[in-house]
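The values are calculated or read from the model by the stated rules, or taken from the named source; none is laboratory data. In this text the structure is predicted, and so the values were computed from the model without any measurement. Backbone-built Cβ (ideal geometry, glycine too); neighbour counts: all protein chains shown. The protein model used for the area step is the full one, side chains on, heavy atoms only, and it has no ligands, DNA or RNA in it. Shrake-Rupley method; radii C 1.70, N 1.55, O 1.52, S 1.80 Å.
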Amino acid sequence: MKTRITELFGIEHPIIQGGMHYVGFAELAAAVSNAGGLGIITGLTQRTPELLADEIRRCRAMTDQPFGVNLTFLPALAAPDYPGYVRAIIDGGVKIVETAGNNPQKWLPALQDAGVKVIHKCTSVRHALKAQSIGCDAASVDGFECGGHPGEDDVPNFILLPRAADELAIPFVASGGMADGRSLVAALALGADGMNMGTRFIATQEAPVHDNVKRAIVAATELDTRLVMRPLRNTERVLNNAAVERLLDKERSLGASLKFEDILGEVAGVYPRIMQGGEMDAGAWSCGMVAGLIHDIPSVKQLIDRIMAEAHAIIGERLAKLSAR
Ligand SMILES: Cc1cc2nc3c(=O)[nH]c(=O)nc-3n(C[C@H](O)[C@H](O)[C@H](O)COP(=O)(O)O)c2cc1C
């Protein structure tokens with residue numbers, strides 16, 4: 001299946017694995033790229049640019065296919081060494097970067113001069129138009145359903161994607177709620193050039209996370225996520241658990257006076273304990289509503305092959321029959 005996204009990134013299938021904190025290590029990125037999608041290493045999960053350089057080398061040893069690095073610009077008190085991370089990406093010969101969290105304009109000249117294609121993750125049409133106007137090569141449009149940070153507009157993908165298609169000239173992928181061949185065909189029908197998945201890729205054999213995390217996703221339904229940190233305008237969709245209930249109690253009782261410091265216990269530094277230690281109640285962790293569509297833990301290749309076979313069957317059989325005269 002050829003789309004503007006497969007052409008832009010030189011990949012076989014229009015399927016991207018979005019950056020995920022403490023999930024997007026070389027093992028997962030390489031597995032996705034080897035299966036014909038685009039795997040992405042999560043830059044900031046590597047604590048220093050040197051560690052990111054090592055992770056890029058590890059990934060290159062596992063795949064000869066294109067892979068990318070996610071650079072998330074966070075509202076952090078002490079900013080990470082972004083110039084160092086950008087250098088590690090360029091020196092490591094990575095040609096695709098997924099930016100997220102904030103306007104990437106400052107970093108575009110260095111990246112694009114080095115031949116790096118930039119796909120910016122956006123949760124609104126206005127942010128996607130901004131990304132296009134500053135010269136991003138593509139956009140990843142994340143609807144309200146998505147795991148992680150859906151922004152503050154709450155527009156689901158059935159509206160957001162056709163709106164993006166109406167406005168954007170650059171290629172874009174649908175992100176948030178994508179799980180299977182039906183998602184891919186729907187994304188294409190709504191005007192996207194492919195799809196990006198987060199939560200679905202965690203429940204795979206190769207995702208280097210504790211089995212408890214994979215099992216929690218399989219057990220969850222579409223009713224089991226919650227939105228946290230809305231009062232801080234840093235909304236995150238997470239899987240409900242004891243820590244999330246505690247966090248939401250604090251949000252209710254403190255109201256508008258809530259500060260980030262009040263919820264440090266539930267959100268700060270919890271990812272390694274959850275993703276590697278399997279302590280499922282250690283804190284709030286991103287998870288999409290799409291958990292309700294995830295019922296197994298296949299290998300990445302089985303998952304991607306299944307998605308493509310299902311998509312081709314829907315287009316070539318079900319839809320073809322419907323439109324036959
Ligand atoms: C556990 C987890 C961690 C994530 N971490 C990041 C991150 O560090 N940076 C980022 O840009 N997106 C992050 N995301 C968002 C994903 O890249 C992707 O946009 C999102 O998961 C898509 O929605 P879906 O989960 O419904 O597929 C994360 C998502 C999950 C589930």
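Touching a residue at least 60 places away in the same chain (Cβ under 8 Å) and either in a helix (DSSP H, G or I) or within 16 Å of the ligand (Cβ to nearest atom) (or both), is that true of P75? Walk me through how you get there before you give the answer.
On the way: touching a residue at least 60 places away in the same chain (Cβ under 8 Å): yes; either in a helix (DSSP H, G or I) or within 16 Å of the ligand (Cβ to nearest atom) (or both): yes.
Considered against the rule, which asks whether it is touching a residue at least 60 places away in the same chain (Cβ under 8 Å) and either in a helix (DSSP H, G or I) or within 16 Å of the ligand (Cβ to nearest atom) (or both), P75 comes out as yes.
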Just wondering, is there one or more residues in the range 39-46 that are touching a residue at least 40 places away in the same chain (Cβ under 8 Å), part of a loop (DSSP other than H, G, I, E, B) and open to solvent by 10 Å² or more (accessible area, probe 1.4 Å)? no
Might you check whether a residue that is away from the ligand (no atom under 14 Å from the Cβ), assigned to a loop (DSSP other than H, G, I, E, B), buried (at least 16 other Cβ atoms within 10 Å of the Cβ) and not small (G, A, S) occurs anywhere in the range 249-264? yes
Restricting the search to the range 47-83, which residues are at pLDDT 95 or above, within 19 Å of the chain's Cα centre (by Cα) and open to solvent by less than 20 Å² (accessible area, probe 1.4 Å)? L52, E55, I56, C59, F67, G68, V69, N70, L71
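Please go through the range 281-301 and pick out each residue that is in contact (Cβ under 8 Å) with a residue 40 or more places away in the chain, more than 13 Å from the ligand (Cβ to nearest atom) and either open to solvent by less than 60 Å² (accessible area, probe 1.4 Å) or within 20 Å of the chain's Cα centre (by Cα) (or both). Break it down into steps so the answer makes sense when it comes.
In the first step, residues of the range 281-301 are kept if they are in contact (Cβ under 8 Å) with a residue 40 or more places away in the chain; the result is 281, 283-301.
Cutting the leftovers down to more than 13 Å from the ligand (Cβ to nearest atom) gives us 281, 295-301.
Answer for the range 281-301, where residues must be in contact (Cβ under 8 Å) with a residue 40 or more places away in the chain, more than 13 Å from the ligand (Cβ to nearest atom) and either open to solvent by less than 60 Å² (accessible area, probe 1.4 Å) or within 20 Å of the chain's Cα centre (by Cα) (or both): H295, D296, I297, P298, S299, V300, K301.
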Give the residue, chosen from R246, R200, R233, that is surrounded by fewer than 17 Cβ atoms within 10 Å (Cβ to Cβ) and either within 15 Å of the ligand (Cβ to nearest atom) or modelled with pLDDT of 95 or more (or both). R246
In the range 233-241, is there at least one residue being of a type in the set (A, V, I, L, M) and part of a helix (DSSP H, G or I)? no
Every residue in the range 18-34 that is on the phi < 0 side of the Ramachandran plot and either basic (K, R) or open to solvent by 10 Å² or more (accessible area, probe 1.4 Å) (or both), please. G19, M20, H21, F25, E27, A31, N34
